[in-house]
Structures are given as structure tokens and as C-alpha cells.
Amino acid sequence: MNIPSDLKYTKDHEWVKIEGDVATIGVTDFAQSELGDIVYVEVETLDETLEAEEVFGTVEAVKTVSDLFLPLSGEIIEFNEALEDEPEKVNSDPYGDGWMIKVKCSDLSQVDSLMSADDYKSLIGA
Amino acid sequence: MKNTALSSTHEALGAKMVPFAGYNMPVQYEGVNTEHETVRNAVGVFDVSHMGEFLIEGEYALELIQKVSSNDASKLTVGKAQYSCLPNDDGGVVDDLIIYRVKEDTYLLVVNASNIEKDWNWIQSKNDVGATMRDLSENYSLLAIQGPKAIEAMQSLTSHDLSAINFYNFVVGDFAGIEHVIISATGYTGSGGFEIYCKNNEVKQIWDKVFEAGADFGIKPIGLAARDTLRLEMGYCLYGNDIDDTTSPIEAGLGWVCKFTKDFTNSEALKREKEQGPERKLIAFELDERGIPRHGYDIVDSNGKTIGIVTSGTMSPSLGKGIGLGYVPTVFADIGSKLNIQIRKNAIPATVVKLPFYKK
């Protein structure tokens, strides 16, 4: 199970990469493997400002639908449009080409509440 | 939770296991899309040993079967099977099943795993004719070997000519070194192939030999997730989703297995329903836009009013679009009708289509 040490994580199996006040967000290797073949990533909240824990989108695998929760409050400034045609990138490269959204964070202090790679590792028992 | 005789084999192959109808079953091995394509283009093997098997025997076997099942089992000769359903007294369906005529006075009924106890009690309650019933569900295993290469890949395992077994026919014979195996040209995928019934202590040997024989044909193990996408592309009903105790076989499109030339449970009411036309129908639909319908989503009209409900839905791996089944009032059920599927906040347009979704 790939859990890069330079990223932050959530209990909802999302990863967060902070650069300045912009956070890039996707789902973890564990999440994509549990979901199975991902066939649709729906994000209809582009340009919206949401609070942490709100649903920003949905990821659909062949058998299941899962909500995507925003880890940090802010404005959704970018959606990875490549996923519209190739949602399977979430399976093949969850931390790279499979990224989902970029958020302009409104409260960077929330970053402290995210999990480290080690914390996440113990959450999933890896 | 129960294991099949192969549960540990699946685990060793790296399958993701899930509880299904009380059994520990493989839902996927490599990935549902790959497994789906394997069955459509080559050959794949499902362990569906959770299915239930009842033997109905003796002089009165046919009489009992004719009473409880809607299809006409008197048409069966030894070596033939038929799809049928068990109607209840209230217009619904106890279960759908396959009936095999194994010997002159011996019939094998193959029922859904989730309904074994219910079906057994139901059939027994109707058995005032004195047929002998035996529940073999715990003793028998079932492998479905499905795909266009199944015949070629499996021929070396038996002395029977597999290409000579017509659809819904079967032989009892040698397979993979085991005698008295049922080799049945049936399945739930629409891609051809066989279902193999054997005893639990024989299934591991058969499984291993099937994979040896199929190696050159790209054979792979297939999980329940792909079983569902494969059957849905054909529009085959799944009990518990598309049909249940409250859905009539007529509205579910199973009128073709209701033979009103004989009497059976609730046949008079079902005959009337067929003549008058059902108030609602199970329809097949494709989404016109991007989205994936799911079991339980609302079907809505152009004004946003709920007119029905999705009973099965998925992203079709073969078609690359959202497909589903659902019940709507008959007025909305014509092929080509437009309706909408409520997917979260959006009503996604869909078109009623003819089955199957997948055409070879």
C-alpha cells in the first residue's frame, strides 16, 4: 500500500498536498483499491466556497458510490478535467494523475487537524 | 457465515471476499471491468456454490412442480432444463429458478441462495401430493464456466461433445476426472458456456483442472461484481432487486415463463393481469448523458414527478454508459420513451430501450 510520507491524510481516505494556501486533494491508494474500478468522478462544486467536511463531489466505482468530503474549508478553484474521460487514472495513479481538485484554503490552521502518513497507516492497519 | 468448498482458494488468489446471502463469496479478483471483458471475449469461471439445489423425486414429482412453478415442466424431457418462477398467492414471486429433468421422475430445482429456506418451506407447504423432497444445497457445488471460448477450452476435460449440448440442455457425465457431473449449457452472462454441478469434495479438483485446461484460452476467475454487470447487460432479472415477493411476473416481463395452459399458484389472477395488461412494467433504460443509475434511485417524468424506481443499475462495461432496469407505469414503458433518472441533485435524461443492452 503506497502512502507517501510528504502528504496529509483524512479519515475519509483522502490525501492533501499543501502548496502555499492551495491544497491539492485526491483519494488514497487504499481508497481506490477498496472502491475497485472507478468509472466516474463527479465534481459539481467548482468555483464554490465550502466548509470543511462538506461534500464536494462523488466518486463512482462499478459497484459503489462514495461521497467526497472536503478536508479543508475554501474555494474549489480547479477540477482535474482529465478524469472526465479517464476516471481510471484514480486507480492507476491516485497521488499523481488521479488528483481530483485544488482548493484555495480559507483557514490554514485546519491543516493541523489532518493526519500524518504514519497516523493514516495505523488507521488502515497497513 | 458459511464458506463454499472454494472460499480458501479464492482468498489464496487474492480475491476480495464479501458476505453474500450468508456465504463468504469472492466479489472481485483482478477488477470488475477486466473480469467482465474476460467473460465477453474469452472464458471465465465463477464459483456460485451458494446457489440452492433441491431434488424433487417420485411418482408425484411433476405434479408438485407443476403446482408451484409457472412454466410448463411437462414439456421437459430428460436432459432438458427450463427457467421458471414460483409465484406466491398475492401476485408476487417467491423466487426464480431453473428446473432440470434429471431422470424420468427426478427433477433438480436450482434456486437463489438468499431464498433457500423460504423456497423449501414454500414448496413443502404445497406438497400435499406426496412428492419426495431433498435439499442438497449444502452438499453440492456449482461452477459457471462462461464465455465464447468455454466450449473449446473445456472440451479436453470430458468425453461428451460440448458443442452438441444445446442451450438449456445438459448431460450427466464425466468432467475433469469426476463421474456423474451435470454439464449444463446454461448461465447468467449471455456469453455462452456451461454450469457444472458436482459434490463439494469434487469441486477443487474440477476447479484446478478447469484452470489447467483453460490456461491457453486466457481463463480467469470471475467475481460476483462482474456477474452482476454481465447479467444486467443482458437484462436478466436479479431476485431481490428486479423481482421479489411484491412484483408480479407479468409486470417483470416474465410472462413468457407463465404458461396458462395449466394451473399453478395464483395462475388465474396472473392470467387476468396478462390479458388486461399490467399497471406498471419493468423497463430497460440507457442514460442519454453521463451518470450511473443505481438500485433505489427515483425515475422522474419531465416535470420532476417521481413515476418509478430503479431496481438495478450500473455503468455498462461493454457499452460505456449508464444502464438500468426499473418499474414505471405502463404508459411510460414504450421503447423509445423518454424519462429521467434522479441522480443526486440532477435529473439525467434516459431512453427506454429493448433488451438485451449488450448485443454480440
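At an R0 of 22 angstrom, the distance between the Cβ atoms of A:Val22 and A:Glu84 translates into a FRET efficiency of 0.55. Once you reduce region B:66-85 and region A:12-28 to the center of their Cα atoms, the two points are 59 Å from each other. Quote the Stokes-Einstein diffusion coefficient, in whole µm² s⁻¹, for chain B, based on the Kirkwood radius over alpha carbon pairs, a temperature of 10 °C and a viscosity of 1.306 mPa s. Estimated diffusion coefficient is 75 µm²/s. Here the alpha carbons of region B:181-291 define both size measures, Rg and Dmax, at 19.1, 54 Å.
If you keep only loop residues by DSSP, which chymotrypsin sites (Phe, Trp or Tyr not before Pro) in region B:165-203 have at most 10 other Cβ atoms within 10 Å of their Cβ? Could the numbers behind the result be given before it?
Working: sites: B:Phe167, B:Tyr168, B:Phe170, B:Phe175, B:Tyr188, B:Phe194, B:Tyr197; in loops: B:Phe167, B:Tyr168, B:Tyr188.
Answer in residue order: B:Phe167.
Taking the Kirkwood radius as Rh and the Cα radius of gyration as Rg, region B:52-122 has a ratio of Rg/Rh equal to 0.94.
Restriction of the GluC sites (Glu not before Pro) in region B:8-65 to DSSP coil positions whose beta-carbon has at most 15 other beta-carbons within 10 angstrom yields B:Glu59.
Across chain B, the relative contact order, built from alpha-carbon pairs under 8 Å that are at least six residues apart, equals 17 percent.
Could you work out the mean count of beta carbons from other protein chains within 10 Å of each residue's beta carbon in B:311-323?
Working: counts 0, 0, 0, 4, 9, 2, 3, 0, 0, 1, 0, 3, 0.
That works out to 2 on average.
For region A:8-121, averaging the sequence separation of C-alpha pairs within contact (under 8 Å, six or more residues apart) and dividing by the residue count gives a relative contact order of 32 percent. Estimated from helical segments only, the mean residue ellipticity of chain A at 222 nm is -4000 deg cm²/dmol, where each DSSP H run of four or more residues counts as -39500 (n - 2.57).
When only alpha carbons of region A:8-121 are considered, Rg and Dmax amount to 12.9, 37 Å.
Here's the picture: a label point sits 7 Å out from the Cα of B:Asp216 along the beta-carbon direction, and within region B:145-166 the residues with their amide nitrogen under 15 Å of it are B:149-158. Taking packing as the residue-averaged number of other Cβ atoms within 10 angstrom, the listed peptides A:93-100, B:122-129 run from highest to lowest as A:93-100, B:122-129. Between the C-alpha center of region B:96-159 and that of region B:176-253 there is a gap of 12 Å.
Let's test this: bin the Cα-Cα distances of the protein assembly as shown at 20 Å from zero up to the farthest pair and state each bin's percent. In order of increasing distance, the bins hold 22, 49, 25, 4, 0 percent.
Among the trypsin sites (Lys or Arg not before Pro) within region B:324-358, those in coil by DSSP and having at most 15 neighbouring Cβ atoms inside 10 Å are B:Arg344, B:Lys345, B:Lys354. When the helices of chain B are scored as -39500 (n - 2.57) per DSSP H run of n ≥ 4 and the total is divided over every residue, the value at 222 nm lands at -6000 deg cm²/dmol.
Classify region B:279-360: rounded, prolate or oblate, from the alpha-carbon gyration tensor (a ≥ b ≥ c, eigenvalue square roots; a/c under 1.5 rounded; otherwise prolate if a/b is larger than b/c)?
oblate
Only the coordinates and a few stated rules stand behind these numbers; no lab work does. Given the structure is predicted, the values throughout are model-derived calculations rather than measurements. Heads up, the Cβs are rebuilt from the backbone with ideal geometry, glycines too, and the neighbour counts pull from every protein chain shown.
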